[in-house]
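Before any comments, here is the structure.
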Ligand SMILES: [Mg+2]
């Protein structure tokens with residue numbers, strides 16, 4: 001790609017606005033050097049953002065694409081109860097991509113990076129047929145304290161942060177050809193990684209298991225059930241539904257980046273953590289009592305198995 005060096009210089013210049021004291025050496029050598037606090041473990045997560053699959057240039061402003069790209073990684077760090085340190089960004093870019101797009105993308109990503117003190121500390125650039133952004137986010141957590149998916153026990157209550165289905169509802173509008181203003185307050189375009197909530201739940205030792213809802217409640221709860229060897233029951237009228245959404249989207253829509261966690265029945269869970277609403281939506285049960293991992297109690301009082309549908313990628317909807 002022509003101008004690769006210019007772009008790398010630009011990224012380096014812009015990345016200087018994001019800092020984290022754990023980064024001893026960022027962009028500028030063969031490797032970044034990270035310094036973990038003694039007694040801490042390193043968290044690493046990686047996510048791919050592909051044009052046409054995760055975003056469309058005609059729907060998503062470049063700043064929103066950059067914001068969403070970093071949110072995916074930060075949300076994973078939040079789901080472990082970790083503190084983010086540094087991110088690494090590898091880009092595949094079409095030769096005819098306007099520089100303004102790249103600028104907007106980096107600005108969107110770095111605004112979020114500064115907000116959560118995560119340093120852009122390395123990456124790579126190559127030419128590609130469509131925009132490809134691969135992000136690695138690192139974080140730290142006290143040794144042995146990361147909240148995993150595997151800790152849920154029968155009798156635990158299931159909680160979620162915020163409200164669900166809002167991102168999928170916006171996506172549905174976009175697919176229907178409606179013009180949606182990509183405002184900062186629309187969580188489809190600018191989702192918030194729940195780092196403060198994750199950190200609080202880890203520090204307070206309230207959560208027995210945790211995951212971020214990236215693929216949809218039904219799919220992500222299934223991951224917790226499978227890793228913990230348990231089943232679960234959801235109470236349909238307890239699920240917090242986003243303003244523009246419905247129960248179907250709240251259960252199966254993806255990309256809300258809220259947290260789902262479990263806690264013992266007796267644990268005192270605040271109704272808000274760091275200003276984010278916490279809602280109890282169900283209960284963990286013994287796996288052998290059920291034929292399917294997730295049951296749902298409907299308004300009619302009937303319990304039925306919940307299919308795992310989850311997030312359908314743009315590509316599959318075309
Ligand atoms: Mg995740």
inquiry  = Looking only at the stretch 154-180, count every residue that is surrounded by 22 or more Cβ atoms within 10 Å (Cβ to Cβ) and more than 22 Å from the chain's Cα centre (by Cα) and tell me the total.
reply    = 1
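To keep it simple, each residue is scored yes or no on (1) under 11 Å from the mean Cα position of the chain (by Cα); (2) more than 14 Å from the ligand (Cβ to nearest atom); (3) part of a helix (DSSP H, G or I).
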| residue | (1), (2), (3) |
| --- | --- |
| 49 | no, yes, no |
| 53 | no, yes, no |
| 57 | no, yes, no |
| 65 | no, yes, yes |
| 76 | yes, no, yes |
| 81 | no, no, no |
| 87 | no, yes, no |
| 91 | no, yes, no |
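Determine whether residue 216 is within 18 Å of the chain's Cα centre (by Cα), within 15 Å of the ligand (Cβ to nearest atom), buried (at least 16 other Cβ atoms within 10 Å of the Cβ) and closer than 23 Å to residue 47 by Cβ. Full working, then the answer.
Details: within 18 Å of the chain's Cα centre (by Cα): yes; within 15 Å of the ligand (Cβ to nearest atom): yes; buried (at least 16 other Cβ atoms within 10 Å of the Cβ): yes; closer than 23 Å to residue 47 by Cβ: yes.
Judged against the criteria, residue 216 is a match.
Mind telling me which of the residues 300, 244, 286 ends up being surrounded by fewer than 20 Cβ atoms within 10 Å (Cβ to Cβ) and free of Cβ contacts under 8 Å to residues at least 12 places away in the same chain? Walk me through how you get there before you give the answer.
On the way: 244 fails: free of Cβ contacts under 8 Å to residues at least 12 places away in the same chain; 286 fails: free of Cβ contacts under 8 Å to residues at least 12 places away in the same chain.
Criteria check complete, one pass: 300.
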task = Determine whether residue 271 is at pLDDT 95 or above, touching a strand residue (DSSP E or B) at 6+ places or on another chain (Cβ under 8 Å) and loosely packed, with under 14 Cβ neighbours inside 10 Å.
result = yes
Selection within the stretch 200-257 - under 16 Å from residue 156 (Cβ atoms) and in a loop (DSSP other than H, G, I, E, B) = 204, 205, 206, 207, 208, 229
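The values are calculated or read from the model by the stated rules, or taken from the named source; none is laboratory data. Since the model is a prediction, treat every value here as computed from it, not as a measurement. Ideal geometry is used to build each Cβ from the backbone, glycine not excepted, and the neighbour counts take in all protein chains shown.
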